[in-house]
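As structure tokens, the structure follows; a few thoughts come after it.
Only the coordinates and a few stated rules stand behind these numbers; no lab work does. Quick caveat: nothing in here was measured; it's all calculated off a predicted structure. Cβ coordinates were reconstructed from backbone atoms using ideal geometry, including for glycine residues, and neighbour counts include every protein chain displayed.
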Amino acid sequence: MIRYWKSISIILVVILAIGAFYIQAAFAGKSNPEFAITTKSGDETVFKNISLHSNYQMDDLIISTEGSKYQDELSYVDRLVGFYTNSKIKQLQSDYRSFMRGKGDITELYEDEGILAYAEVEFKYHRGEASDFSIDIEVLDKESKERSAFTVDVPEKKNYNYVYINDVRVIDGTLKVTTTNALRSDQFNSDEVHIYHFNLTEQTLVKDEIIGAEQEGKHGKLDYVRLMNDYDELSGEKYLVFEMVYVEDINLEDENLHPDYYPEYIGSEFLTYNLETGEQKRIEIPDEAEQLMKQMRDTPGEIIVNNSKLHFIEVTETGLELIVYNIENGETESKQSVEIPKTDMDLQMNWPMFKIIDDKLYIVSSQIDRETQSPIMVADLNSGDILYVGTVEDRDSGQEKEIYGVNIYDLVVD
Amino acid sequence: MKRYLKLVNFEIGRFMKIYLVLIGITILSQLIGVIVMAKNYVANANEVIFVDSLPLEQFIEQYGEMGMMDVVGSIWFIGPIALCAAAFIFYIFFIWYRDWVGKNTFIYRLLMLPTSRLNILLSKATAIFIMVFGLVSVQLILLPIESMLLKWNVPFDFRIDMTVSEIINNNSYLFILIPDSFIQFIINYGIGFMVVFILFTAILFERSFRWKGALLGIIYCAIASIIFLAPLIYEIGFEASFFYTEEIFVIEIILGILVTAMSIWLSKLLLNKKVTV
């Protein structure tokens, strides 16, 4: 033994130092506060299936009514897989493991009771330029477990710089892929939004529509077209709604202009696309909504497409302005001011998030501080009344909460 | 077994002097670094606050507080770590080639030992592993000492105190050497030791076939890397993501073990059949 003293002493030091470090790390852990969503008023069931993707002092965590799940509590492999992986994607991956290989983007997926469909843009990348665009389509019949796949070249693919998918839907055996295609041109507005129709039984491209092609902008120059539907919605909506954003029509080549000058926003138009009939329609939104739209350039707010209705939401000094417009009959369904107590109006600074779940509007503060009284509010869409109020509390320190600086990234329905 | 342990001890003993010098340089440079940096910071603070009469708060706003993160990012700290890393990369080769140089080639006696020749390879590898872990341990022991030294030299209002884990987690290269999870630690050093075995095999190729062997060794390194990285090469090369992350994880562990085993087996073959004195 004595002869080995050099080796033995090194090994002893190694075991003691590295061992102590990792044992200490495993046992001490970090005493992370156990945040949980608690109901302040109203029915607690509205908070049961939601969770908040958040961050507290450098740590990522998910807060629900059950408590908190911190990223560093995950096993090594779970951490590799990812903490915030979309729960819908997770579920699809476990249900249809083979089909879901390499398909992680929720915007490229469609699901209903019968099928699961997927579309992806393929292209060649050479010397910093993408070319040769085609669309790969894969469909899984849930009942028979049969898979079919085909690839179709993007028509006039030479004209595009890039093509990416906004949405995938299947209606009566026709798969409709909404894409944004950037034109290979130096012009100011060079994006086109297309809807490609694929016949799934014959595996062919049957139609290539351009959104808003015939629309003559009533004001200014078309800047861009944007799909407004929720990106992670897999099916259900009858309409796709596009916002066409117009800016002032000026010659950008004018030498008197500042090189960074960006043309000023003039207004938006809304275009609905009926997925069943394929009809494009420009809709006349009420003046109040148009007014809200303009203000929303500077104040927090959002436009949400849900259940064939457009919801215009703007944060004001006293609460929210909420206008619900029915796409089906073209009428303003309701116009509400949601009153929010003065103490909670720090919402305005905190740029809240909005989600519509089961005909209720969820309003979530993006930052929760000690002073935040009602970080989660649930309002009735019809009456504009705040029905339920939820808060985030540190369970360990009891009711006398002392929390600050929880940032909320997203509200997720499980 | 006893022969193997004897050989390990022997290899460690042979490198002990240089090893202790490396440790000495590390300790000295890092401790001196803490003191020098702390003194400089305090001197600067004194000058700015008393001579230029800048209020304390404004000084901190402008120059920031002093903490271990400043020390850890300095050349005093990184320098010796880089030196040790370079020394060990060199030593992977030196541990073999030094047996061949000199008049009475030592490798002749090693190969004549009444023990499996594989033991020679394993003992050399083990010696390197133990000493690398030894250096990591020295760093782990030094960190709290350096924190303490910093506390003695910089007044409370001017410094940020950090725990050892916080210091490590805030520094990207320390985090590779000492990751926060033990599994990651095993993975990092597992990959390191796989590389050591691959290089040993390449060296033995060279020792067996000389110039032609050197070429074979390089080819072997390439083949081993391609095998180990195959899933990633596939995913990037074909722009296809076929595997789930957890599958890649398991496949990589299997491939890593496979490449290490293949290297050891090939080395054994070369040592037994081909190596020339």
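Residue farthest toward the positive end of the dipole of the protein assembly as shown, with Cβ of Lys/Arg at +1 and Asp/Glu at -1: which of B:N119, A:F270, B:L174?
Checking the options against the dipole of the protein assembly as shown, the answer is B:N119.
What lysines does A:K48 reach when the alpha-carbon gap must be under 25 Å and sequence neighbours fewer than 8 apart in one chain are set aside?
Within the straight-line limit of under 25 Å, A:K48 reaches these lysines: A:K40, A:K69, A:K88, A:K90, A:K355, A:K360, A:K401.
Express the relative contact order of chain A as a whole percentage, based on alpha carbon pairs under 8 Å and six or more residues apart in sequence.
Worked out over chain A, it gives 14 percent.
Taking B:K274 as the anchor, which aspartates and glutamates have their alpha carbon closer than 17 Å to its alpha carbon, excluding any fewer than eight residues away along the same chain?
Partners found: B:D99, B:E206.
Over chain B, with a Gaussian network built from C-alpha contacts below 10 Å, which listed residue (B:S267, B:S53, B:S225) shows the highest mean-square fluctuation?
Top of the fluctuation ranking is B:S53.
Given a cut-off of under 8 Å on Cα pairs at least six residues apart, what relative contact order in percent is computed for chain B?
23 percent
Taking H as built 1.01 Å from N, whose amide H comes closer than 5 Å to the amide H of A:D369, not counting residues under 5 places away?
Here the answer is A:G405, since their amide H atoms fall under 5 Å of that of A:D369.
Return the long-range amide H neighbours of A:T316 (sequence gap of 5 or more, or a different chain), with a cut-off of under 5 Å between placed amide H atoms.
Amide H to amide H, under 5 Å and 5 or more residues apart or across chains, A:T316 pairs with A:E321.
Excluding same-chain residues fewer than 8 positions from A:K157, which lysines have a Cα within less than 20 Å of its Cα?
A:K124, A:K176, A:K207
Can you tell me the dipole magnitude for the protein assembly as shown around its Cα centre, using point charges on the Cβ only (Lys, Arg +1; Asp, Glu -1), in Debye to the nearest 20?
7940 debye
Over all Cα pairs of the range B:108-226, how is the pair count split among 5 Å bins, expressed in % and running from 0 up to the last occupied bin?
Per 5 Å bin, starting at 0, the Cα pair percentages come out as 2, 9, 13, 15, 14, 12, 10, 8, 6, 5, 4, 2, 1, 0.
So for the range B:1-179, taking the charge dipole from beta-carbon charges (+1 Lys/Arg, -1 Asp/Glu), which of B:A87, B:I60, B:V101 sits furthest toward the positive end?
B:V101
Mind telling me which of B:V259, B:V101, B:V154 comes out most flexible in a GNM of chain B, alpha-carbon contacts under 10 Å?
B:V101
Filter the chymotrypsin sites (Phe, Trp or Tyr not before Pro) in the range B:146-254 down to the DSSP loop ones having no more than 15 other Cβ atoms within 10 Å, then list what survives.
B:F238, B:F242
Which whole number gives the average count of other chain Cβ atoms within 10 Å of the Cβ atoms across peptide A:7-20?
Across the residues of A:7-20, the mean count of other-chain Cβ atoms within 10 Å is 6.
Per residue of B:130-138, what is the mean number of Cβ atoms on other protein chains within 10 angstrom of that residue's Cβ?
The shielding value for this peptide is 5.
Roughly how many debye, to the nearest 20, is the charge dipole of chain B about its Cα centre, given +1 on each Lys and Arg Cβ, -1 on each Asp and Glu Cβ, and no other charges?
Using Cβ point charges on Lys, Arg, Asp and Glu, chain B gives about 2760 debye.
Semi-axes, largest first, in whole Å: what does sqrt of 5 times each Cα gyration tensor eigenvalue give for the protein assembly as shown?
59, 37, 25
With charges only on Cβ, +1 for K and R and -1 for D and E, what is the dipole size of the range A:87-216 about its Cα centre, in debye, rounded to 20?
The calculation lands at about 600 debye.
Go through the range B:142-157 residue by residue and turn each phi into a ³J(HN,Hα) via Karplus (6.51, -1.76, 1.60, θ = phi - 60°); whole Hz please, and just put x for glycine and proline.
Couplings: 5, 4, x, 5, 5, 4, 5, 4, 5, 5, 5, 9, 10, x, 3, 5 Hz.
For the range A:237-342, run through the chymotrypsin sites (Phe, Trp or Tyr not before Pro) and keep only the ones in DSSP coil with at most 16 other Cβ atoms within 10 Å of their Cβ.
A:Y261
Starting from the amide H of A:G236, placed 1.01 Å from N in the peptide plane, find each other amide H under 5 Å away whose residue is 5 or more places distant or on another chain.
none
If the elastic network links every pair of Cα atoms under 10 Å, which of B:L56, B:L111, B:L122 fluctuates the most in the Gaussian network model of chain B?
B:L56
Just how many % of Cα pairs in the range A:87-216 lie over 18 Å apart, if you round to the nearest whole percent?
Of all Cα-Cα pairs in the range A:87-216, 55 percent lie more than 18 Å apart.
Take the Cα atoms of the range B:1-179, find their three principal axes, and give me the spread along each one in whole Å, biggest first.
Between the extreme Cα coordinates on each principal axis of the range B:1-179 lie 76, 31, 23 Å.
Chymotrypsin sites (Phe, Trp or Tyr not before Pro), restricted to the range B:94-125: which are DSSP loop and have at most 15 other Cβ atoms within 10 Å?
B:W100
Projected onto the charge dipole of the protein assembly as shown (+1 at Lys/Arg Cβ, -1 at Asp/Glu Cβ, origin at the Cα centre), which of A:I171, A:Y224, A:Q91 gives the Cα projection farthest towards the positive end?
A:Q91
What per residue convex hull volume, in Å³, do the alpha-carbon atoms of the range B:206-248 yield?
63 Å³
Could you tell me the distance between the Cα centroids of the range B:203-220 and the range B:94-169, to the nearest Å?
The distance from the Cα centre of the range B:203-220 to that of the range B:94-169 comes to 28 Å.
Per-residue mean of other chain beta-carbon atoms within 10 angstrom of the beta-carbon, peptide B:161-172?
The per-residue average across the peptide is 1.
Under a Cβ-Cβ cut-off of 13 Å, what is the net charge of the residues other than A:E314 that fall near it, where Lys and Arg count +1 and Asp and Glu count -1?
Every neighbour counted, the sum reads -3.
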